[in-house]
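The values are calculated or read from the model by the stated rules, or taken from the named source; none is laboratory data. All values reported here derive from a predicted model rather than from experimental measurement. When we count neighbours, we look across all protein chains shown, and the Cβ atoms used for this are built from the backbone with ideal geometry, even at glycine. These area figures cover heavy atoms from the full protein model, side chains too; ligands, DNA and RNA do not enter into them. Shrake-Rupley method; radii C 1.70, N 1.55, O 1.52, S 1.80 Å.
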Amino acid sequence: MSVKIDHEKCMHCGGCVSVCPVLAMELKEGKIEHLPEKCIDCGACIKVCPVGAIKKEEEK
Amino acid sequence: MNYDKKWDVIVVGAGPGGSKTAEEFAKRGAKTLVVEKKQQIGPPKRCGEGLSQRWMEIANLDPDPTWTLQKITGTVLVAPNGEEAWIDTEDKDQAGYIIERSKFEKDLASDAIRAGSKFMLKARAADLVKENGKIAGVKVVREGKPITLKSDIVVGADGVDSMIARKAGLNSTLPLSECDSGYQYEMTGVDLKDPHKMELYFGSEAANRGYVWIFPKGSDIANVGVGITGEDEKTAKHYLDRWMKHNQERFKNASITEINSGVVPVTSPIDQMVSHGLMLVGDSARMVNPMHGGGIGPALEAGIMAAEIGVPALEKGAEKQFLQPYQEKWEEKRGKNFKKILKVRHFFEKLSDKHLNLIAENADPDVLLNLGHRKSLSKIAKTLLKSSPQSIGFVKDYITK
C-alpha cells in the first residue's frame, strides 16, 4: 500500500513534507513527489493535507 | 555570473528569514548567496500576512505603503455563541499591519542584494555537501542541471518543510498534533466588521483546536482563512467552506482572488538548530509564536542573530561550537518566552465551547489583549472560575502543571 496524490487538487504547500517522518515526500518546483519505496504508510500526510489531495492507494 | 567560487554563506530559501539573513551576513562583509527553488521570490504565500509594529522595529523595517497595506488597530474575538469581545491595540505594541507579502519579500531580497548578496532562482537544494564531518555546501538542481556550490556556512531558511534540516539529520519532522493545517482565500467584496480590525472566530464548529480569521487588506479585501489541528480527519478546506456557508451574508458580494494553503508549526522550537557549518532560521527551526502561528517576525529576528554569531564564526572555521551561541542567544531572547506561550496554548486547546463563551463574556479586555503572554494564563483561569465555579477541577489541572 502507498498513497496517491491528486495533482489537480494539490496546492504545493509542502505540508505533507513537513510531517513525513521518512522523507518520502519532496516539494520540487510546482510539484509534490512521493517516493513509495520509502513510504511507511503512517498516514500523516493524508491527515495534514489542507485540501484532501492525498489518499490511500488501494491495493490492486 | 560565476557562481562556482567558494561562498562564505549559502542561504537556502528566499523567504523573509532567508533574505534577512543574507542581508545581515552581506552587510558584515560575508560573500553570500541565496538559492531559491521557485522562479520568483514571493508567491504562493502560506500565510495570513499579519505583522506587528514591534517585530518591524526589531527588524529595522519602516512602514512602506507598497506593502504595509492595512493598519490594524485591534482584534474582534468571536466566541462560539457569537459573543464578541472588541480589543483595541492602537497604541499598544500589538498594533501592526496586514502586509502584501509578495512585495514585502521582494523588498527584503532587494535589501539583501544592495548589501552585496547574490541570488540564484529556480535552484532547488537537493542535498548537502559534506566534507570531513562538516557541512561544506549545497548540491542544487538549477533549471534541471545539478551544480555543487561550496560554502563555510549553510543556512537552512527553507520553511516548515525544510529539506536542509532533514538532510543534516536534525530532528525536524513535525508531529501531527504539533502543527496546524491551514487554508485561506484572499477575497474582494467582503463585508468587514471594521476594515482595521482582525476578526477571529473560535469554537469546535469554526475550527477544531484553532480559529477562523479575517485579516483586512483593504476596505473590502481580506484574507479569510482557518487553521485546525493536523490530526483532524476533515480538511482545513472543509472547515473554511462550511464556516463561510454559515456566514454567507458576509460574502454575498465577494469573490476569491487567491487560494492559499500551508502547515504551521505550533510547538516548541527544534532541539538542535545548528550543526558543523549549518544554521537554521525561521520555520525550519519552528521559530513561530505557538499561540497564533505568526512566524515572519521571529524569522527576521533570527536572521539578524544568525549573522551576528555566524560572521565571527567564519574566521574560526564555522564548527558547531562556534555556531552554538546562536541557538543559545535565540533561546534566551525568544525561545524561553515561546515555551511559556506554548503552555497558554495547551490550556486553550482544552477549553470547551462553553468555556470560550464564558471567557468572551466576562474577561477584561486587557486580559484578552495579552493572551499570547504567559501571565495571561492565571488571569483567564480567574475569569473562568468567577463565572463558572464548577470549572475548578479543569482549571486546577492546567494551572498546577
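Can you tell me how many residues within region B:261-305 are more than 28 Å from B:V344 (Cα to Cα) and open to solvent by less than 10 Å² (accessible area, probe 1.4 Å)?
Residues flagged as more than 28 Å from B:V344 (Cα to Cα) and open to solvent by less than 10 Å² (accessible area, probe 1.4 Å) within region B:261-305 amount to 3.
Examine region B:42-51 for a residue that is within 14 Å of chain A (Cβ to nearest Cβ), assigned to a loop (DSSP other than H, G, I, E, B) and of a type in the set (K, R), and state whether such a residue exists.
Scanning region B:42-51, I find at least one residue that is within 14 Å of chain A (Cβ to nearest Cβ), assigned to a loop (DSSP other than H, G, I, E, B) and of a type in the set (K, R), so the answer is yes.
Could you run through region B:163-177 and say how many residues are under 23 Å from B:I228 (Cα atoms), touching a helix residue (DSSP H, G or I) at 6+ places or on another chain (Cβ under 8 Å) and not in a loop (DSSP other than H, G, I, E, B)?
Number of matching residues: 1.
From the list B:K31, B:K37, exactly one residue is within 14 Å of chain A (Cβ to nearest Cβ) and open to solvent by 30 Å² or more (accessible area, probe 1.4 Å). Which is it?
B:K37
Quick one: which of B:D180, B:D241 is more than 26 Å from B:L314 (Cα to Cα), within 14 Å of chain A (Cβ to nearest Cβ), open to solvent by 10 Å² or more (accessible area, probe 1.4 Å) and not in a strand (DSSP E or B)?
Being more than 26 Å from B:L314 (Cα to Cα), within 14 Å of chain A (Cβ to nearest Cβ), open to solvent by 10 Å² or more (accessible area, probe 1.4 Å) and not in a strand (DSSP E or B) holds for just one of B:D180, B:D241, which is B:D241.
Quickly run through region A:33-56 and pick out the residues that are β-branched (V, I, T), open to solvent by less than 60 Å² (accessible area, probe 1.4 Å) and assigned to a loop (DSSP other than H, G, I, E, B).
A:V51
Which count do you get for residues in region B:176-205 that are aliphatic (A, V, I, L, M) and either touching a Leu at 6+ places or on another chain (Cβ under 9 Å) or under 23 Å from A:C16 (Cβ atoms) (or both)?
Selection size over region B:176-205: 2.
From the residues in region B:355-380 that are without any contact (Cβ under 8 Å) to a residue 24 or more places away in the chain and of a type outside the set (S, T, Y), which one is surrounded by the most Cβ atoms within 10 Å (Cβ to Cβ)?
Pass one, region B:355-380, residues without any contact (Cβ under 8 Å) to a residue 24 or more places away in the chain: B:364, B:366-367, B:370, B:375, B:378-379.
Right, trim to of a type outside the set (S, T, Y) and you get B:364, B:366-367, B:370, B:375, B:379.
On the way: B:D364: 13, B:D366: 11, B:V367: 20, B:N370: 18, B:K375: 11, B:K379: 17.
Across region B:355-380, the extreme among qualifying residues is B:V367.
Scan B:S204, B:S172 and give me the residue that is farther than 23 Å from B:E49 by Cα and at the interface with chain A (Cβ under 10 Å from one of its Cβ atoms). Outline the logic, then answer.
Details: B:S204 fails: at the interface with chain A (Cβ under 10 Å from one of its Cβ atoms).
None of the others qualify; the one that does is B:S172.
Within region B:253-272, is there a residue that is modelled with pLDDT of 95 or more, part of a loop (DSSP other than H, G, I, E, B) and farther than 23 Å from B:K217 by Cβ?
Yes - at least one qualifying residue is present in region B:253-272.
Quick check on my filter: what residues within region B:109-163 are at pLDDT 95 or above, among the small types (G, A, S) and open to solvent by 40 Å² or more (accessible area, probe 1.4 Å)?
Correct list: B:G116 only.
Scanning region B:131-160 for residues that are of a type in the set (D, E, K, R) and without any contact (Cβ under 8 Å) to a residue 12 or more places away in the chain, which turns out farthest from A:P50 (Cα to Cα)?
B:E131
Among the residues of region B:225-238, which ones are closer than 21 Å to B:I98 by Cβ and either charged (D, E, K, R) or at the interface with another protein chain (Cβ under 7 Å from one of its Cβ atoms) (or both)?
The answer is B:A236, and nothing else.
Looking only at region B:9-41, count every residue that is outside any loop (DSSP other than H, G, I, E, B), closer than 20 Å to B:S284 by Cβ and not hydrophobic (A, V, I, L, M, F, W, C) and tell me the total.
Count: 9.
Within region A:8-32, can you find the residues that are surrounded by fewer than 18 Cβ atoms within 10 Å (Cβ to Cβ), assigned to a strand (DSSP E or B) and within 7 Å of chain B (Cβ to nearest Cβ)?
Across region A:8-32, the qualifying residue is only A:K28.
Every residue, every condition in (1) more than 12 Å from chain A (Cβ to nearest Cβ); (2) in contact (Cβ under 8 Å) with a residue 24 or more places away in the chain; (3) touching a helix residue (DSSP H, G or I) at 6+ places or on another chain (Cβ under 7 Å), yes or no:
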{"site": "B:N247", "(1), (2), (3)": "yes, no, no"}
{"site": "B:N253", "(1), (2), (3)": "yes, yes, no"}
{"site": "B:I256", "(1), (2), (3)": "yes, yes, no"}
{"site": "B:N260", "(1), (2), (3)": "no, yes, no"}
{"site": "B:P265", "(1), (2), (3)": "no, yes, yes"}
{"site": "B:V274", "(1), (2), (3)": "yes, yes, yes"}
{"site": "B:M279", "(1), (2), (3)": "yes, yes, yes"}
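Taking B:A318 as meeting all but one of (1) open to solvent by 10 Å² or more (accessible area, probe 1.4 Å); (2) touching a His at 6+ places or on another chain (Cβ under 9 Å); (3) not in a helix (DSSP H, G or I), write down the number of the exception.
For B:A318, the failing item is (1).
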